[in-house]
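Read the structure below first, then the notes.
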Amino acid sequence: MICGADNMAKKLRVILVRSTIGQKPEKKATVRSLGLKKINSCVEHDDNPSVRGMIHSVEHLVKVEEID
């Protein structure tokens, strides 16, 4: 096996920057399923299509950073 940065799975750091108050229940549930509870809470997820889809649906509430 070749060890290198190309083989490493990328991760995403997701930070809740806006409140879910006033949002639709589906958006609140998406934020909770990402593991975010309070403003400025931070979680790390593997970069895959399902997580990207959840982030896309609540992109107005979160900030995303890629981690190597």
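Dipole magnitude of the chain about its Cα centre, charges +1 at Lys/Arg Cβ and -1 at Asp/Glu Cβ only, in debye to the nearest 20? Kindly include the intermediate steps, with their values, before the conclusion.
Details: 12 positive and 9 negative charges, 116 e Å.
Dipole magnitude for the chain comes out near 560 debye.
Starting from the Cα coordinates of the chain, work out the convex hull volume and express it per residue in Å³.
Details: hull volume 5.6 nm³, N = 68.
Cα convex hull per residue, to the nearest whole number: 82 Å³.
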- Taking K and R as +1 and D and E as -1, what net charge do the other residues with C-beta under 13 Å from the C-beta of Asp47 add up to? -1
- Within straight cross-link reach of Lys10, meaning Cα distance under 16 Å, which lysines are found once same-chain residues fewer than 8 apart are removed? none
- With a ≥ b ≥ c from the Cα gyration tensor eigenvalues, square-rooted, and the rule rounded for a/c under 1.5, otherwise prolate when a/b > b/c and oblate otherwise, region 20-59 is oblate
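With a sphere of radius 12 Å drawn around the Cβ of Glu66, what net charge do the other residues whose Cβ falls strictly inside it have (Lys, Arg +1; Asp, Glu -1)? Intermediate results must be reported in sequence, preceding the final value.
Numbers: positive: Lys10, Lys11, Arg13, Arg52, Lys63; negative: Glu44, Asp46, Asp47, Glu65, Asp68.
Net of charged neighbours comes to 0.
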- Heavy-atom accessible area with a 1.4 angstrom probe orders Ile39, Ile55, Ile21, Ile67, most exposed first, as Ile21, Ile39, Ile67, Ile55
- Query: Ignoring ligands, DNA and RNA, what accessible area per residue does region 5-68 give at 1.4 Å, in Å²?
  - Reply: 70 Å²
- Taking 0.36 nm per residue of separation and subtracting the Cα-Cα distance, what length does fully extending Lys28 through Arg52 add? 7.0 nm
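The values are calculated or read from the model by the stated rules, or taken from the named source; none is laboratory data. No experiment lies behind these values; they were computed from the predicted model shown. With ideal geometry, Cβ positions are generated from the backbone for all residues, glycine too; neighbour counts draw on all protein chains shown. The accessibility values were calculated without ligands, DNA or RNA, using every heavy atom of the protein model including side chains. Shrake-Rupley method; radii C 1.70, N 1.55, O 1.52, S 1.80 Å.
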